[in-house]
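Reading through the structure tokens given below for one structure.
The values are calculated or read from the model by the stated rules, or taken from the named source; none is laboratory data. Quick caveat, the model's predicted, so the values are computed rather than measured. A quick note on method: Cβ atoms are made from the backbone with ideal geometry, for glycine too, and the neighbour counts reach across all protein chains shown. Surface areas here come from the heavy atoms of the whole protein model, side chains and all, with no ligands, DNA or RNA. Shrake-Rupley method; radii C 1.70, N 1.55, O 1.52, S 1.80 Å.
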Amino acid sequence: MDYLIGFGIAVVIALSGVGAGVITAPMLILFLHVPVEIAVSTALAYSAIVKLIVVPVQVARRQVNYRVLGVMLLGGLPGVILGSIFFKHVAQHGPKAALYFALGLIIMFTSGWHLFRHFKPAAITRPAEPGSVEEPVRKKTIAAIMFPIGAEVGFSSSGAGALGTVALLSLTSLTAAQVVGTDLAFGLCIALVGTGVHLFGGQYAGALLLKMAIGGVVGGIVGSGAAPKIPNRKLRFALSLWLMVIGFQFCWQAAVK
């Protein structure tokens with residue numbers, strides 16, 4: 001089952017483009033009954049492994065804008081460190097219901113964003129001037145936005161892909177390919193740092209992570225090969241609806257605990 005979970009998540013990510021973090025933690029909690037504090041840490045590490053496979057391809061294709069990536073990391077790295085530390089504090093001393101509630105809200109927000117993009121694909125406006133990302137105001141805005149995004153990833157393992165894409169589309173004039181590549185590289189960096197903070201506390205399932213990673217490598221290859229033949233827009237829509245229900249369920253569990 002551990003191998004199949006890793007395989008299935010990687011296939012869905014490759015086919016739909018939905019981030020690894022938002023899928024992995026719910027799958028571990030629902031299907032493998034992993035405690036939420038261990039599921040989040042393991043999901044973050046798995047997300048880093050998946051991105052380690054994907055990001056080098058983006059680099060080879062020259063789809064990563066390193067200047068924009070540097071600005072993003074100015075806010076994202078402190079955010080993911082603080083978010084991970086706060087997660088460890090809540091997991092050890094706070095009510096576990098708070099973890100379920102926060103995870104549910106973030107899953108609902110991320111899935112809601114994908115549903116919004118499904119019906120309003122052109123809703124995000126782009127900067128008019130091609131060099132707009134160089135403006136100091138935009139640099140500060142991007143860095144400031146990446147701080148809570150990083151904190152969210154450190155606390156819940158999910159959210160970087162959807163929110164980072166919104167910021168890059170709204171505040172830069174990067175091409176669609178550059179937005180994807182730069183956001184993936186950003187997600188990899190903060191996932192690696194967040195994983196380090198989480199693993200330092202020992203709250204992860206090492207054997208489970210290894211099996212999921214092996215299944216994920218195979219699933220990523222299979223999913224990438226099948227992606228051109230699958231209507232990924234419909235798949236993303238169905239997956240977003242399912243995640244919305246799961247997020248609501250987590251919030252409900254937190255309320256009744």
In this structure, does residue 64 turn out to be closer than 15 Å to residue 184 by Cβ and either open to solvent by 10 Å² or more (accessible area, probe 1.4 Å) or not hydrophobic (A, V, I, L, M, F, W, C) (or both)? yes
Take the residues in the stretch 204-232 that are at pLDDT below 70 and not aliphatic (A, V, I, L, M); name whichever of them is most open to solvent (accessible area, probe 1.4 Å). 229
Can you name every residue in the stretch 69-84 that is at pLDDT 90 or above and either open to solvent by less than 10 Å² (accessible area, probe 1.4 Å) or hydrophobic (A, V, I, L, M, F, W, C) (or both)? 69, 71, 72, 73, 74, 75, 76, 77, 79, 80, 81, 82
Is the stretch 32-46 home to any residue that is more than 22 Å from residue 209 (Cβ to Cβ) and either surrounded by fewer than 23 Cβ atoms within 10 Å (Cβ to Cβ) or at pLDDT below 80 (or both)? no
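Does residue 101 satisfy being under 21 Å from residue 43 (Cβ atoms), at pLDDT 80 or above and either open to solvent by 30 Å² or more (accessible area, probe 1.4 Å) or of a type in the set (A, V, I, L, M, F, W, C) (or both)? Don't jump to the end; show me each part of the working.
Numbers: under 21 Å from residue 43 (Cβ atoms): yes; at pLDDT 80 or above: yes; either open to solvent by 30 Å² or more (accessible area, probe 1.4 Å) or of a type in the set (A, V, I, L, M, F, W, C) (or both): yes.
Against the criterion (under 21 Å from residue 43 (Cβ atoms), at pLDDT 80 or above and either open to solvent by 30 Å² or more (accessible area, probe 1.4 Å) or of a type in the set (A, V, I, L, M, F, W, C) (or both)), residue 101 qualifies.
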Tally of residues being of a type in the set (Ser, Thr, Tyr) and either in contact with a strand residue (DSSP E or B) (Cβ under 7 Å, 6 or more places away or on another chain) or in a loop (DSSP other than H, G, I, E, B) (or both) across the stretch 187-219: 1
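So, in the stretch 170-186, how many residues would count as being part of a helix (DSSP H, G or I), touching a helix residue (DSSP H, G or I) at 6+ places or on another chain (Cβ under 6 Å) and more than 10 Å from residue 64 (Cβ to Cβ)? Let's see the steps before the verdict.
Filtering the stretch 170-186 for residues part of a helix (DSSP H, G or I) gives 170-171, 176-186.
From what is left, the residues that are touching a helix residue (DSSP H, G or I) at 6+ places or on another chain (Cβ under 6 Å) are 171, 179, 181-186.
With the extra rule that they be more than 10 Å from residue 64 (Cβ to Cβ), the set shrinks to 171, 179.
Going through the stretch 170-186 one residue at a time, the tally reaches 2.
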Name every residue in the stretch 164-184 that is open to solvent by 10 Å² or more (accessible area, probe 1.4 Å), under 14 Å from the mean Cα position of the chain (by Cα) and within 18 Å of residue 51 (Cβ to Cβ), in order of residue number. 165, 180, 183, 184
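Return a yes/no flag: does the stretch 53-61 have any residue that is in a loop (DSSP other than H, G, I, E, B) and surrounded by fewer than 20 Cβ atoms within 10 Å (Cβ to Cβ).
Step one: filter the stretch 53-61 for residues in a loop (DSSP other than H, G, I, E, B), giving 61.
Keeping just the survivors that are surrounded by fewer than 20 Cβ atoms within 10 Å (Cβ to Cβ) gives 61.
Scanning the stretch 53-61, I find at least one residue that is in a loop (DSSP other than H, G, I, E, B) and surrounded by fewer than 20 Cβ atoms within 10 Å (Cβ to Cβ), so the answer is yes.
Going residue by residue through the stretch 118-141, is there one that turns out to be at pLDDT below 80, closer than 25 Å to residue 254 by Cβ and open to solvent by less than 90 Å² (accessible area, probe 1.4 Å)? Break it down into steps so the answer makes sense when it comes.
At the first step, the residues of the stretch 118-141 found to be at pLDDT below 80 are 118-138.
Cutting the leftovers down to closer than 25 Å to residue 254 by Cβ gives us none.
Looking for residues that are at pLDDT below 80, closer than 25 Å to residue 254 by Cβ and open to solvent by less than 90 Å² (accessible area, probe 1.4 Å), one finds none in the stretch 118-141, hence no.
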